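Structure record follows, encoded as structure tokens.
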Amino acid sequence: MSQLTVAILGATGEVGKEMLNSLLERNIPIKDLKLFASKRSAGQTMMFGDKELVIETLTTDCFEGIDVVLCALDDDIARIYLPEAKKQGCLVIDNSSIYRLDENVPLVVPEVNPDDIFNHQGIIANPNCSTIIALVAIAKLHKEATIHSMIVSTYQAVSGAGKQGIEELETQVVDIAEGKSVTPHIFPYQIAYNLIPQIGGFNEEGHSSEEMKLQNEGRKILHHPDLDVTCTCVRVPVIRSHSEAITLFLDKDLSVEEARQIVSETDGVKLIDDLDHQGYPMPLDTSNQDLVYVGRIRKSKIGNQSVLTLWCCGDQVRKGAATNAVQILEYYIQNK
Ligand SMILES: NC(=O)C1=CN([C@@H]2O[C@H](COP(=O)(O)OP(=O)(O)OC[C@H]3O[C@@H](n4cnc5c(N)ncnc54)[C@H](OP(=O)(O)O)[C@@H]3O)[C@@H](O)[C@H]2O)C=CC1
Ligand SMILES: N[C@@H](CC(=O)OP(=O)(O)O)C(=O)O
């Protein structure tokens, strides 16, 4: 596999567009790059470096001669096409959630469990975006002092709901400024000047589907079946970068200074924790890049237990989706 023929499914979407950037930035050896989307986009063009590529309509006959499929489709569309891509021998790296908990499909964050990649049977799954950002932030802390449980609150940008999520916020801001009424389409309520404590549907215990992903996917990625997570996921009127407040229950007591040192040495993480100068990560500063930013590291007591709380922000379209998938491919190429 020296020079690859790669296809991006959903190339015109938020994640698909960033996959082109990540492929270029990481110098993936590409012989041919094919871009697929719905028939609405067929014939439009996108730039890949200095090459202009024409978008084709995705069909089940598209996969002949393709080595690697990077999938940036919603679940219902991915379900139609990925079984065919696998059948035709492509290596599929999938951003949808349909295969993440399948025991025959590795679920990989390259900074955490890269070697799981080699257990693949044709499909490798990319985790949920908030899960990727949280796990990158805490990966080295978990190695130094096992995390047995976490309490997490997320503040998720509208781009997490794709290009239509961004359009909805931008349209509502303009409509409100012009005194017009707002009709939500993508989010269940007005998102401009609001917060919505629901991402996905609710289960019988009242947890949303997004809230269960951090525990279910986190257990698989960390090989830690006993990890307990309670999570509250909130949609916020931010364009890009998810933020998370994470409280960790660790098996070993770490001082704040020790935790800062560990975080500062974590792959893919930048520590910004300078309270004297109001230094902490914020979504406006962490978008359009691959680093996960961590700050506000502090300790408190809950009962007899000493807990560590941190704040992190990361661009969920980049590191939380497109770049994570391309890093999986990069690691595969370099180590297979
Ligand atoms: N946005 C994010 O932050 C994250 C997203 N993900 C996951 O990544 C996937 C893509 O999300 P995102 O990029 O945000 O979504 P978008 O809505 O921005 O893009 C969807 C893409 O799918 C294409 N598409 C839609 N219908 C069809 C069809 N019938 N046939 C072929 N292509 C079709 C669209 O093409 P067209 O332009 O022609 O309509 C577009 O390229 C989803 O599974 C999502 O859950 C994962 C982590 C983070
Ligand atoms: N649901 C996430 C983005 C996403 O697409 O997640 P998943 O890939 O787990 O469906 C959000 O809205 O912010």
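The values are calculated or read from the model by the stated rules, or taken from the named source; none is laboratory data. In this text the structure is predicted, and so the values were computed from the model without any measurement. Every residue, glycine as well, gets a Cβ built from its backbone with ideal geometry; the counts of neighbours run over all protein chains shown. Surface accessibility is based on the protein's heavy atoms, side chains included, excluding ligands, DNA and RNA. Shrake-Rupley method; radii C 1.70, N 1.55, O 1.52, S 1.80 Å.
Some points to look at:
- Going through (1) open to solvent by 20 Å² or more (accessible area, probe 1.4 Å); (2) away from ligand 1 (no atom under 13 Å from the Cβ); (3) not hydrophobic (A, V, I, L, M, F, W, C) one by one, residue 122 falls short only on (1).
- Filter result for the condition that a residue is charged (D, E, K, R) and touching an Asp or Glu at 6+ places or on another chain (Cβ under 7 Å), over 111, 103: 111
- Within the stretch 18-73, strands (runs of 3 or more DSSP E) holding 3 or more residues that are touching a residue at least 40 places away in the same chain (Cβ under 8 Å) and either of a type in the set (A, V, I, L, M) or surrounded by fewer than 17 Cβ atoms within 10 Å (Cβ to Cβ) (or both): 68-71
- Identity of the residue in the stretch 270-290, outside any loop (DSSP other than H, G, I, E, B) and within 21 Å of residue 317 (Cα to Cα), that ends up most open to solvent (accessible area, probe 1.4 Å): 284
- Unmet requirement for residue 257, which otherwise passes all of (1) closer than 15 Å to residue 136 by Cα; (2) without any contact (Cβ under 8 Å) to a residue 24 or more places away in the chain; (3) of a type in the set (Asp, Glu): (1)
- Test for residue 178: is it among the acidic types (Asp, Glu) and either in the same structural domain as residue 224 (by the TED database) or under 30 Å from residue 309 (Cβ atoms) (or both): no
- In the stretch 79-99, residue nearest to ligand 1 (Cβ to nearest atom) [restricted to those that are surrounded by fewer than 21 Cβ atoms within 10 Å (Cβ to Cβ) and of a type in the set (D, E, K, R)]: 79
- Some residue of the stretch 224-234 being surrounded by 14 or more Cβ atoms within 10 Å (Cβ to Cβ) and more than 16 Å from residue 150 (Cβ to Cβ): yes
Per-residue answers, yes or no, for (1) in contact (Cβ under 8 Å) with a residue 24 or more places away in the chain; (2) buried (at least 16 other Cβ atoms within 10 Å of the Cβ); (3) under 17 Å from residue 128 (Cα atoms); (4) outside the structural domain of residue 102 (by the TED database):
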residue	(1), (2), (3), (4)
221	yes, yes, yes, yes
250	yes, yes, no, yes
292	yes, yes, yes, yes
298	yes, no, no, yes
307	yes, yes, no, yes
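- Candidates are the residues of the stretch 135-168 that are farther than 14 Å from residue 215 by Cβ and β-branched (Val, Ile, Thr); the one that is most open to solvent (accessible area, probe 1.4 Å) is 146.
- Scanning the stretch 80-138 for residues that are touching a Leu at 6+ places or on another chain (Cβ under 9 Å), aliphatic (A, V, I, L, M), in a loop (DSSP other than H, G, I, E, B) and under 16 Å from residue 224 (Cα atoms) yields a total of 3.
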